[in-house]
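Trainee: Quick one: the structure is below, questions incoming.
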Amino acid sequence: MWRFSARSVIRKAKVLRGLPAVNAFKFRSNGSCGSVSGTKWVIPSGFDTGLKAFNSLTKQKEPLVLAREGVATWYSCGPTVYDQAHLGHACSYVRFDIVQRILSRLFGITVIHAMVITDIDDKIIKRSLEENVSTTIISTMYEDEFKRDMLSLKVIPPVVYLRVTENVHHIVAFIERIIQNGHAYATKEGDVYFDIQSIGDRYGKTRNTMPSSATKRDPRDFALWKHANPQEPYWDSPWGRGRPGWHIECSTIASSVFGSQLDIHSGGIDLAFPHHENEIAQSEAYHQCGQWANYFLHSGHLHLKGSPEKMSKSLKNYVTIQDFLQSYSANEFRMFCLLSKYRSGINYSDSSISEARTSLGTISTFIHDAQAYMKGQLQCSPVQEALLWERLTETKSSVMKALADDFDTPRAMSALMNLIYHANCQLHPVSECDGAARSPAVFAAMVSYIRDVLDVFGINLMHSKSDAVSPQGSLEGVVEQLTRFRTEVRAFALARQDCLTAGSLNKPGLNPERIPLLKACDTLRNNLAPLGVLIKDRGANSTWEITQRGQGVQDKDQETSS
Ligand SMILES: Nc1ncnc2c1ncn2[C@@H]1O[C@H](COP(=O)(O)OP(=O)(O)OP(=O)(O)O)[C@@H](O)[C@H]1O
Ligand SMILES: [Zn+2]
């Protein structure tokens, strides 16, 4: 249902905005390399998606025009892998994952996403010296953890991850070309610097934050290649032993995958300057053209509430993704991200994450009630069916409009919540069925739509037992069998108590034979709760349900605690 073709979606979007559906696509005809960065941004030639995106190059929303029809080339700066990933990283990568899912699943655009893994840099070297292990051990360990963390947050992996250390030969060749093109110079110490003056006023002149150095021609010049100090890892190069500077890895790797033209480049806002400005300067100096990447999207920072600083490994004010997932679910984190614009700063606190949990709870409760109504278990007076169909249509159009407008997820979520509010207003439980006309189809349509949209955002609400498709061997089937087995064991143990009581021991709680069995049953129940399976004991019977992860540990119900 959500795999619309880009053409049909854009045609619909134009009709929604009151624009003629014909000529929905403009193929502009300026040259492949557009304008010069730092001077004037030129709208790219190619395929007009009908969407708008905030482009950091112009600091305003621009029509999103891609070089090829239905395809977006997308490069993102990846993590520097010297420590565990935290919620700041999660926030940036989940937000862009949502943007990419919107592009591909709602607007039919194939997103080709490549990401670099920075597996050599000053911070990694420092950490390896502190731990007395090689940089490879540090980077491999944290790269693996990063990838696992992203998967547990349901971030779709890029089509390719590229490590800096596996691309040093490309980087050396890239630097050589920049030198040949007259935009970089080597020093006698074995460093290579980008020559800012060689590109005139195309570089951010007012933002000189680079440290000065005796060997640089201009304090703004930045390192493309750094000579190796003793004990540091190195690669051979025409300038001696050394390693790449930070910015050059992205220009080289993005160019090695996508050539001289890139549709979208993303990263956190802290990367806008100097990192992205330097990437642009290097890439345009290498390709000898302007406007290498047409759109730069930057995500806002995540802060711990009350802290003016972004959450950061170096500032040690962070919550790791793994710690977070002990108490909350990936669905909850994604909802937390959806409730703010990807560009805005976001405060992480108990109350902001609770707000996300509450929103998910409202949605789940509505789905549950709507299903009960469909099954005839929730009796209601007649609903205003025509009104609900109308509201559903309006919601669909509001969601599409919001998402086409710089991926405005909070506006889309508010349209969904508004639909739920109006639908809930019609669901009044009454004690008896009055035989009134019923309208299950409109509730079914709302539930399907809400689930589809959330699925696009990477939130899967198919977690209730009744929803689950239960082919043999599914996880639900396994939990069902496990619970039945536990029920039998418990019933057996409880019956042993009855026997002994009947045998006039008169102290049922002291029967030693049943304790290990009941203890095992308690342990199983307690261990399944953080995994999202809530077992409830009702007399000798037990039921189970899938919950949000982390809920439902019920120590107070321990059968063996007394
Ligand atoms: N607190 C944060 N909020 C949002 N995005 C963040 C935050 N911290 C890092 N990022 C983003 O995560 C991506 C990977 O960052 P990287 O590994 O280079 O982190 P970093 O900035 O070196 O981390 P740190 O500052 O924690 O040492 C970048 O796009 C960066 O902008
Ligand atoms: Zn980068």
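Trainee: Which condition breaks for THR136 when tested against (1) out of contact with any His (no Cβ under 9 Å at 6 or more places or on another chain); (2) closer than 25 Å to LEU403 by Cβ?
Mentor: The one condition THR136 does not meet is (2).
Trainee: Could you tell me whether any residue of the range 174-182 is open to solvent by less than 60 Å² (accessible area, probe 1.4 Å), among the aromatic types (Phe, Trp, Tyr) and in a loop (DSSP other than H, G, I, E, B)?
Mentor: Looking through the range 174-182, none of the residues is open to solvent by less than 60 Å² (accessible area, probe 1.4 Å), among the aromatic types (Phe, Trp, Tyr) and in a loop (DSSP other than H, G, I, E, B).
Trainee: Look through the range 311-332, keep the residues that are charged (D, E, K, R) and at pLDDT below 95, and return whichever of them is farthest from ASP270 (Cα to Cα).
Mentor: Looking at the filtered set, the residue picked out is LYS316.
Trainee: Pull out all pairs, ordered by first then second residue, where Cβ-Cβ is under 9 Å, the residues are six or more apart or on different chains, the first lies in the range 297-323 and is over 19 Å from VAL81 (Cβ atoms) and open to solvent by 70 Å² or more (accessible area, probe 1.4 Å), and the second is more than 16 Å from ligand 2 (Cβ to nearest atom) and outside any strand (DSSP E or B).
Mentor: Every condition considered, the pairs that remain are LYS305/SER349; LYS305/ASP350; LYS305/SER351; LYS305/SER352; GLY306/SER349; GLU309/HIS301; GLU309/LEU315; GLU309/ASN317.
Trainee: What residue, among those in the range 273-312 that are within 11 Å of ligand 1 (Cβ to nearest atom) and over 20 Å from the mean Cα position of the chain (by Cα), is farthest from GLN60 (Cα to Cα)?
Mentor: SER307
Trainee: Taking LYS519, is it of a type in the set (Lys, Arg), at pLDDT 80 or above and not in a strand (DSSP E or B)?
Mentor: Yes: the conditions hold for LYS519.
Trainee: Continuing with the same structure: Take the range 104-147 and flag every residue that is touching a strand residue (DSSP E or B) at 6+ places or on another chain (Cβ under 7 Å) and under 30 Å from SER397 (Cβ atoms).
Mentor: SER104, PHE107, ILE109, THR110, VAL111, ILE112, HIS113
Trainee: When GLN288 is evaluated against the numbered criteria (1) surrounded by fewer than 24 Cβ atoms within 10 Å (Cβ to Cβ); (2) within 13 Å of ligand 2 (Cβ to nearest atom), which criterion, by number, is the only one it fails?
Mentor: GLN288 satisfies every listed condition except (2).
Trainee: As an exercise: evaluate GLU332 against (1) open to solvent by 10 Å² or more (accessible area, probe 1.4 Å); (2) over 26 Å from THR80 (Cβ atoms); (3) not hydrophobic (A, V, I, L, M, F, W, C) and give the number of the one condition it does not meet.
Mentor: (1)
Trainee: Could you figure out which of (1) at positive phi; (2) open to solvent by 30 Å² or more (accessible area, probe 1.4 Å) isn't true of GLY190?
Mentor: So the condition that GLY190 fails would be (2).
Trainee: Somewhere in the range 161-179, is a residue within 18 Å of THR118 (Cα to Cα), of a type in the set (D, E, K, R) and within 31 Å of the chain's Cα centre (by Cα)?
Mentor: yes
Trainee: Right, PRO238: open to solvent by 40 Å² or more (accessible area, probe 1.4 Å), closer than 16 Å to ILE171 by Cβ, part of a loop (DSSP other than H, G, I, E, B) and out of contact with any Phe, Trp or Tyr (no Cβ under 8 Å at 6 or more places or on another chain) or not?
Mentor: yes
Trainee: Within the range 378-395, count every residue that is surrounded by fewer than 20 Cβ atoms within 10 Å (Cβ to Cβ) and assigned to a loop (DSSP other than H, G, I, E, B).
Mentor: 6
Trainee: Looking for whichever is within 30 Å of GLN231 (Cα to Cα), near ligand 1 (Cβ under 10 Å from one of its atoms) and at pLDDT 95 or above here; the options are ALA90, ALA85. Which one fits?
Mentor: None of the others qualify; the one that does is ALA85.
Trainee: Let me ask another. Are any residues in the range 317-374 in contact with a Gly (Cβ under 9 Å, 6 or more places away or on another chain), outside any helix (DSSP H, G or I) and hydroxyl-bearing (Ser, Thr, Tyr), and if so, which ones?
Mentor: Hits for the range 317-374 are TYR318, TYR328, SER329, SER340, TYR342, SER344, TYR348, SER349.
Trainee: Considering only residues that are surrounded by 20 or more Cβ atoms within 10 Å (Cβ to Cβ) and either more than 8 Å from ligand 2 (Cβ to nearest atom) or in a strand (DSSP E or B) (or both), which ones fall in the range 255-276?
Mentor: Scanning the range 255-276 gives SER255, GLN261, LEU262, ASP263, ILE264, HIS265, SER266, GLY267, GLY268.
Trainee: Within the range 52-167, considering only strands (runs of 3 or more DSSP E) that don't extend past its boundaries, which have at least 3 residues that are open to solvent by less than 20 Å² (accessible area, probe 1.4 Å)? Before you say what the answer is, go through the steps one by one.
Mentor: Numbers: elements: 60-66, 71-76, 110-117, 160-163.
Per the criteria, 60-66, 71-76, 110-117.
Trainee: A further question on this structure: Can you tell me which residues in the range 304-324 are more than 23 Å from SER152 (Cβ to Cβ) and not charged (D, E, K, R)?
Mentor: Across the range 304-324, the qualifying residues are GLY306, SER307, PRO308, SER314, LEU315.
Trainee: Also, I was wondering about something else. Taking the residues in the range 349-377 that are hydroxyl-bearing (Ser, Thr, Tyr) and either touching a helix residue (DSSP H, G or I) at 6+ places or on another chain (Cβ under 6 Å) or under 19 Å from THR547 (Cβ atoms) (or both) as candidates, determine which candidate is least open to solvent (accessible area, probe 1.4 Å).
Mentor: Going through the qualifying residues, I end up with TYR373.
Trainee: Return only the number of the condition from (1) at pLDDT below 90; (2) part of a strand (DSSP E or B) that LYS226 does not satisfy.
Mentor: (1)
Trainee: Condition check: open to solvent by 50 Å² or more (accessible area, probe 1.4 Å), modelled with pLDDT under 70 and part of a helix (DSSP H, G or I). Does LEU482 satisfy that?
Mentor: Criteria not met by LEU482.
The values are calculated or read from the model by the stated rules, or taken from the named source; none is laboratory data. Just so we're clear, the structure is a prediction, and the values are computed from it rather than from any experiment. Virtual Cβ from ideal backbone geometry, glycine too; neighbours counted across all protein chains shown. SASA here: full protein model, heavy atoms, side chains in, ligands and nucleic acids out. Shrake-Rupley method; radii C 1.70, N 1.55, O 1.52, S 1.80 Å.
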